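A short write-up of the structure that comes next.
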Amino acid sequence: MAKNTLTVTDNRTGKQYEIPVADGTIKAIDLRQIRTSESDFGLMTYDPAFMNTASCRSAITYIDGERGILRYRGYPIEQLAERSNFLEVAYLLIYGELPAKAQYDAWAADITHHTMIHENIKKLMDGFHYNAHPMGMLVSTIGALSTFYTDARNVRDPESRRLQIHRLIAKVPTIAAFAFRHSVGHPYIYPDNSLGYAANFMSMLWKMVETRYEANPVLVRALDVLFILHADHEQNCSTNSMRAIGSSDADPYSAAAGAAAALWGPLHGGANEAVLRMLDEIGTKDRVPGFIRAVKEGHGKLMGFGHRVYKNYDPRARTIKRLAEEVFEVTGRNPKLDIALELERIALQDDYFVSRKLYPNVDFYSGLIYQAMKFPVDMFPVLFCIPRMSGWLAQWDEMLRDKDQKIARPRQIYTGNGERDYKGMEERGG
Ligand code: CMC
């Protein structure tokens with residue numbers, strides 16, 4: 001009968017070891033027993049960038065990258081994008097089940113009533129330079145929240161965690177909108193509790209002298225769907241940062257600021273911004289073949305293409321491509337769409353991209369929608385951060401409840417000098 005074990009022969013010593021296999025993995029710590037001598041530390045794995053290492057057990061998000069499948073708590077992303085709303089999805093990610101009506105109402109009320117920020121946070125934001133990047137303002141201000149909610153340090157208390165989760169999901173759109181208003185020199189707009197999550201965000205962004213900001217319902221729904229699609233994506237760079245920082249029992253504001261900083265990079269959440277800059281650089285459809293040629297020759301990347309996990313069409317990109325058509329009916333067609341479609345058409349026929357399984361990812365079309373909705377390019381990573389906060393918090397909470405987890409502390413292979421004696425400056429030469 002087949003056994004769920006792996007037999008390893010160490011050819012250095014001729015010894016054999018039987019290592020348990022569970023969930024398609026072996027425990028790296030089980031390799032430690034494999035030694036050449038008593039003083040040997042034991043075998044480790046070397047896995048820069050976590051290419052083949054599961055860092056946790058998680059019941060939140062499932063991805064099958066080969067088949068292009070994404071599910072939150074078992075629900076296909078396509079169904080959630082079609083039928084749910086962002087606040088319901090955030091509840092699902094955090095609590096594991098879709099809410100009953102009373103649970104949803106209580107949750108929506110809790111989030112709505114935490115949307116205000118302390119006046120001193122507003123003053124803090126006033127201190128940013130007039131041309132500060134909104135993502136930089138967001139990262140810093142999320143971190144600064146920890147100085148206002150000192151109770152948040154009590155991370156082992158589930159009640160305290162619940163309160164910080166409400167605060168963070170509620171306040172991130174307010175801070176994001178204030179960052180935008182600051183960058184355009186307009187007065188901050190306070191939250192309107194009579195509006196839904198996305199509509200309130202749009203009001204804080206764009207309300208001027210009118211008493212109530214009425215956003216176009218198609219655009220409100222489009223933004224809400226984009227929030228659903230970006231809410232979680234299992235163990236990516238920013239989520240891993242959230243878990244790693246949180247594993248020291250740091251408060252969630254500090255951990256979320258670190259996660260947001262990780263998200264900002266152009267290889268992660270900053271890619272949607274990079275896509276738009278790339279489309280600007282290409283300029284016209286007829287220059288697409290030349291651009292693709294340059295990428296293949298090693299001059300830059302086709303931004304918005306490729307993914308560490310998806311080796312198929314990113315299911316979020318498919319939904320966003322459809323959503324773009326609905327948005328463009330309201331806003332008018334973004335002329336860069338033609339360049340993007342041409343890039344996709346050529347790349348998907350080109351052996352370079354096909355053989356490497358490089359397909360459009362979530363960021364390829366989202367920027368076109370954001371731009372059509374009049375968001376400046378600098379705001380794109382901010383728009384990613386707002387919904388991803390719910391995913392980070394679900395992952396952080398799961399990590400703190402997981403008995404397997406400890407403070408994150410990878411090993412290294414030391415490649416530096418052996419021991420040597422200190423020399424005074426006069427002995428060191430030139
Ligand atoms: N354009 C051209 N070549 C690419 C691209 C691209 N966008 N992505 C990967 N490659 C090539 C890469 O050069 C390598 O080629 P070779 O085998 O000849 O060296 C091969 O494909 C494998 O790539 P990799 O760098 O080993 O893949 P990775 O898993 O380390 O990187 C990635 C994944 C997303 C960082 C990368 O595909 C990339 O930089 N894409 C562009 C940036 C982007 O769109 N990022 C958004 C990711 S989705 C949103 C999110 O989750 O944050």
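The values are calculated or read from the model by the stated rules, or taken from the named source; none is laboratory data. These numbers were taken from a predicted model, which means no experiment stands behind them. Glycine also receives a Cβ, built like all others from the backbone with ideal geometry; neighbour counts cover every protein chain displayed.
Every test in (1) more than 21 Å from the chain's Cα centre (by Cα); (2) within 16 Å of the ligand (Cβ to nearest atom) is passed by residue 216 save one, and that test is (2).
Anything in region 342-362 that is farther than 19 Å from residue 322 by Cα and outside any helix (DSSP H, G or I)? List them, or say none. The answer is 349, 350, 356, 357, 358. Of all residues in region 183-221, those satisfying the criterion of being in contact (Cβ under 8 Å) with a residue 60 or more places away in the chain, assigned to a loop (DSSP other than H, G, I, E, B) and closer than 21 Å to residue 169 by Cβ are 188, 190, 191, 193, 196.
Among the conditions (1) within 13 Å of the ligand (Cβ to nearest atom); (2) at pLDDT 95 or above, the only one that residue 273 does not satisfy is (2). When region 348-370 is limited to residues that are more than 19 Å from residue 70 (Cβ to Cβ) and surrounded by fewer than 20 Cβ atoms within 10 Å (Cβ to Cβ), the one that is farthest from the ligand (Cβ to nearest atom) turns out to be 349.
Given the condition under 25 Å from the mean Cα position of the chain (by Cα) and either farther than 17 Å from residue 370 by Cα or more than 13 Å from the ligand (Cβ to nearest atom) (or both), answer yes or no: does some residue in region 285-295 qualify? No - not one qualifying residue is present in region 285-295. What residue, among those in region 231-249 that are in contact with a Gly (Cβ under 8 Å, 6 or more places away or on another chain) and not in a helix (DSSP H, G or I), is farthest from the ligand (Cβ to nearest atom)? Per the criteria, the residue is 231. Looking across region 279-318, the residues that are buried (at least 19 other Cβ atoms within 10 Å of the Cβ) and not in a helix (DSSP H, G or I) come down to 302, 303, 304, 305, 306, 307, 310, 314.
Residues of region 20-65 that are of a type in the set (A, V, I, L, M) and either loosely packed, with under 15 Cβ neighbours inside 10 Å or modelled with pLDDT under 95 (or both): 21, 22, 28, 29, 49, 51, 54, 59.
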